[in-house]
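A short write-up of the structure that comes next.
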Amino acid sequence: MWQLTLFGAPTLEHNGRNQPLTRRKARALLAYLAVTQQAQSREALAALLWPDHDEQQGRADLSRILSNLRRVLGAEYILADRQQVALPDIAALWVDVVHFRQQLDACRETAIGAIDDDCCQKLAAAADCYQADFLAGFTLPDCPAFDEWQFLQTEALRRDLSWALDKLVHVYEARNDLAQAIVYAQRRVGLDPLHEPAQRRLIALYGRNG
């Protein structure tokens with residue numbers, strides 16, 4: 001099974017063994033396709049990753065990167081025709097960001113008081129999955145549109161994590177499991193130290209816990 005880790009520096013593994021992608025734009029392209037989860041036009045991808053090249057040269061560079069990905073992953077993992085590129089919808093490619101969002105989506109409409117053990121486990125699994133910010137330490141200095149997309153994804157995922165942590169704090173506080181509530185409250189404060197409601201909640205939990 002293939003595993004693509006995007007929380008932190010992008011990492012590709014197959015059955016637990018690291019499979020290095022030496023080309024930075026191969027990693028960027030794989031991350032982009034995995035997170036957007038939809039077919040992208042070759043023209044748009046060439047403009048995203050080679051903004052300084054003309055369309056013909058950009059498409060040629062894209063073809064070389066796609067060949068690189070096929071050699072590493074296998075041809076069945078890259079769906080490409082003359083117009084579009086996509087990743088297939090197959091369970092054999094596990095992506096941490098996709099898993100993170102799936103766990104949260106399963107609990108998104110659940111009121112705090114109605115969160116059951118299954119939903120609580122999903123929220124905890126999502127929080128555990130988030131080991132670092134999206135593509136932390138990875139940049140493409142010559143690709144401002146990709147950098148902007150990366151920034152927007154990072155901010156959205158941080159908001160999602162904040163939401164999950166707030167829910168977990170509420171749930172464990174309601175269950176009077178103050179030690180576990182404090183663990184999540186500490187992480188929530190660490191995510192955004194200037195967020196006063198999170199600071200106040202952590203202080204209150206410390207007080208309740210003696």
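The values are calculated or read from the model by the stated rules, or taken from the named source; none is laboratory data. None of the values given here were measured: they were computed from a predicted structure. No Cβ is skipped: glycine too gets one built from the backbone with ideal geometry, and neighbour counts run over all protein chains shown. Keep in mind that these areas ignore ligands, DNA and RNA; they rest on the heavy atoms of the full protein, side chains included. Shrake-Rupley method; radii C 1.70, N 1.55, O 1.52, S 1.80 Å.
Of note:
- Folded to 0 to 90 degrees: helix 196-208 orientation relative to the chain principal axis, Cα: 40
- Nearest-20 debye value, the chain charge dipole, Cβ charges on Lys, Arg, Asp, Glu: 400
- Hull volume in cubic angstrom per residue (convex hull over the Cα atoms of region 1-117): 133
- Using Cβ point charges alone (K and R +1, D and E -1), the dipole size of region 19-135 about the Cα centre works out to roughly 660 debye.
- Per-selection Kirkwood Rh - region 22-61 (Cα, Å, 1 d.p.): 10.4
- Within a Gaussian network of the chain (alpha carbon springs, distance under 10 Å), most fluctuating of ALA156, ALA31, ALA164: ALA156
- Cα-based radius of gyration of region 67-210 once divided by 2.2 N^0.38 Å, which approximates compact folds: 1.31
- Take the Cα of ALA75, step 7 Å toward its Cβ, do the same at MET1, and the gap between the two points is 2.7 nm.
- Cα-based helix-to-principal-axis angle, 24-36 vs the chain, degrees rounded to 10: 60
- Computed E for ALA44/ALA179 - FRET, C-beta separation, R0 45 angstrom, nearest 0.05: 0.35
- Under the Debye formula (equal points on every Cα, no solvent term), log10 I(q)/I(0) of region 42-86 at q = 0.14, 0.30, 0.31, 0.32 Å⁻¹: -0.30, -1.07, -1.11, -1.14
- Potential lengthening of the chain between ARG82 and ASP52 amounts to 8.6 nm, from the contour at 0.36 nm per residue minus the alpha-carbon distance.
- Each of ALA9, LEU202, HIS170 was scored by the projection of its Cα onto the charge dipole of the chain, and the greatest displacement toward the positive side belongs to ALA9; charges sit on the C-beta of Lys, Arg, Asp and Glu.
- Kirkwood hydrodynamic radius of region 115-156, from the reciprocal of the average inverse Cα-Cα distance over all distinct pairs: 12.2 Å.
- Estimated inter-spin distance, GLN121 and ALA106, nm [label 7 Å along Cα→Cβ]: 0.8
- Coupling constants for region 63-79 follow from the phi torsions by the Karplus curve (6.51 cos²θ - 1.76 cosθ + 1.60, θ = phi - 60°), and in residue order they are 4, 5, 5, 5, 4, 4, 5, 5, 5, 7, 7, x, 4, 5, 8, 10, 9 Hz; glycine and proline get x.
- The chain - percent of accessible surface contributed by carbon and sulfur, probe 1.4 Å: 48
- Short-range pairs are left out: with C-alpha atoms under 8 Å and at least six residues apart, the relative contact order of region 34-100 is 39 percent.
- By average C-beta atoms within 10 angstrom, highest first, the peptides 15-26, 93-104, 46-57: 93-104, 46-57, 15-26
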